[in-house]
1. Check off (1) open to solvent by less than 20 Å² (accessible area, probe 1.4 Å); (2) over 20 Å from the mean Cα position of the chain (by Cα); (3) farther than 30 Å from Ala149 by Cα for Lys8 and give me the number that stays unchecked.
2. For region 25-34, which residues satisfy the criterion of being more than 19 Å from the chain's Cα centre (by Cα) and either crowded, with 19+ Cβ neighbours inside 10 Å or more than 15 Å from His53 (Cβ to Cβ) (or both)?
3. Could you figure out which of (1) open to solvent by 50 Å² or more (accessible area, probe 1.4 Å); (2) under 17 Å from the mean Cα position of the chain (by Cα) isn't true of Leu58?
4. The conditions are (1) under 30 Å from Ala139 (Cβ atoms); (2) among the aliphatic types (A, V, I, L, M); (3) free of Cβ contacts under 8 Å to residues at least 24 places away in the same chain, and Ile70 fails exactly one of them. Which is it?
5. Mind checking which residues of region 1-21 are over 14 Å from Phe48 (Cα atoms) and either in contact with a His (Cβ under 9 Å, 6 or more places away or on another chain) or modelled with pLDDT of 90 or more (or both)?
6. Filter region 146-162 for residues that are more than 15 Å from the chain's Cα centre (by Cα) and farther than 17 Å from Leu66 by Cα and give the result.
7. How many residues are surrounded by fewer than 14 Cβ atoms within 10 Å (Cβ to Cβ), part of a helix (DSSP H, G or I) and of a type in the set (D, E, K, R) if we restrict to region 131-180?
8. Pull out all pairs, ordered by first then second residue, where Cβ-Cβ is under 9 Å, the residues are six or more apart or on different chains, the first lies in region 1-14 and is without any contact (Cβ under 8 Å) to a residue 40 or more places away in the chain, and the second is open to solvent by less than 100 Å² (accessible area, probe 1.4 Å) and aliphatic (A, V, I, L, M).
Amino acid sequence: MSLRERKKQQTRQALLDAAGRLFDEQGYEETTVDQIAAAAGVSTRTFFTYFRHKADVLHTNSDERLEAGIAAIHSRRPGESPAELLARAFDEMLAESWTMGLTAGLVGEAFKLPILSPRASIDRSNTRMDRLAAALVSACGVSQMTAYAMVGAAIGAVSGTAAVSMSEGRSDEETLALTSRACRQALAGFR
């Protein structure tokens with residue numbers, strides 16, 4: 001990796017760290033982009049080089065998380081059922097949330113926000129569902145209808161559990177464990 005690429009990664013991570021710290025200290029709504037940039041030691045213009053909106057900080061690395069799930073599906077283990085495989089893929093995606101620049105505490109903030117663009121959010125969600133379902137069909141040979149039902153059940157269980165867990169003030173680590181368990185419960189009917 002070149003020096004320039006390392007510098008870009010460091011700047012992006014500094015913005016994520018500053019945002020997480022400020023959100024924890026003063027709340028999401030009260031934190032401005034100017035404050036995040038200043039805390040990271042960069043200009044506001046630099047912030048917008050990395051993120052379109054303040055809320056984008058909360059949804060960072062979503063493409064990488066999706067790719068981690070798809071890679072898990074394509075690495076199906078011998079004898080692994082489609083339900084076990086999809087649960088493992090969701091475990092991988094959730095683990096990536098904690099290791100790919102998602103600062104502790106930001107997860108809860110993401111569930112408290114209004115949707116900035118309902119159409120964009122739906123489109124992004126449908127694309128993710130399409131890709132996960134297609135990977136499941138390819139890896140396991142299940143029908144497209146079954147794949148979509150499984151992915152939808154897993155997404156609903158994970159999203160709902162995370163939202164409730166965070167609204168109850170649980171830690172990110174506890175939420176991770178609860179969402180994993182909820183995903184497996186939702187997929188139990190597909191075994």
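1. (1)
2. At the first step, the residues of region 25-34 found to be more than 19 Å from the chain's Cα centre (by Cα) are 25-27, 29-34.
Those that are more than 19 Å from the chain's Cα centre (by Cα) and either crowded, with 19+ Cβ neighbours inside 10 Å or more than 15 Å from His53 (Cβ to Cβ) (or both): Glu25, Gln26, Gly27, Glu30, Thr31.
3. Only one criterion in (1) open to solvent by 50 Å² or more (accessible area, probe 1.4 Å); (2) under 17 Å from the mean Cα position of the chain (by Cα) is unmet by Leu58, namely (1).
4. The single condition Ile70 does not satisfy is (3).
5. Ser2, Leu3, Arg4, Glu5, Arg6, Lys7, Gln10, Ala18
6. Scanning region 146-162 gives Thr146, Ala149.
7. 2
8. Thr11/Ala40; Thr11/Val42; Ala14/Ala39; Ala14/Ala40; Ala14/Val42
The values are calculated or read from the model by the stated rules, or taken from the named source; none is laboratory data. None of the values given here were measured: they were computed from a predicted structure. Methodologically, a virtual Cβ is constructed for each residue, glycine included, from the backbone with ideal geometry; neighbour enumeration extends over all protein chains shown. Surface areas here come from the heavy atoms of the whole protein model, side chains and all, with no ligands, DNA or RNA. Shrake-Rupley method; radii C 1.70, N 1.55, O 1.52, S 1.80 Å.
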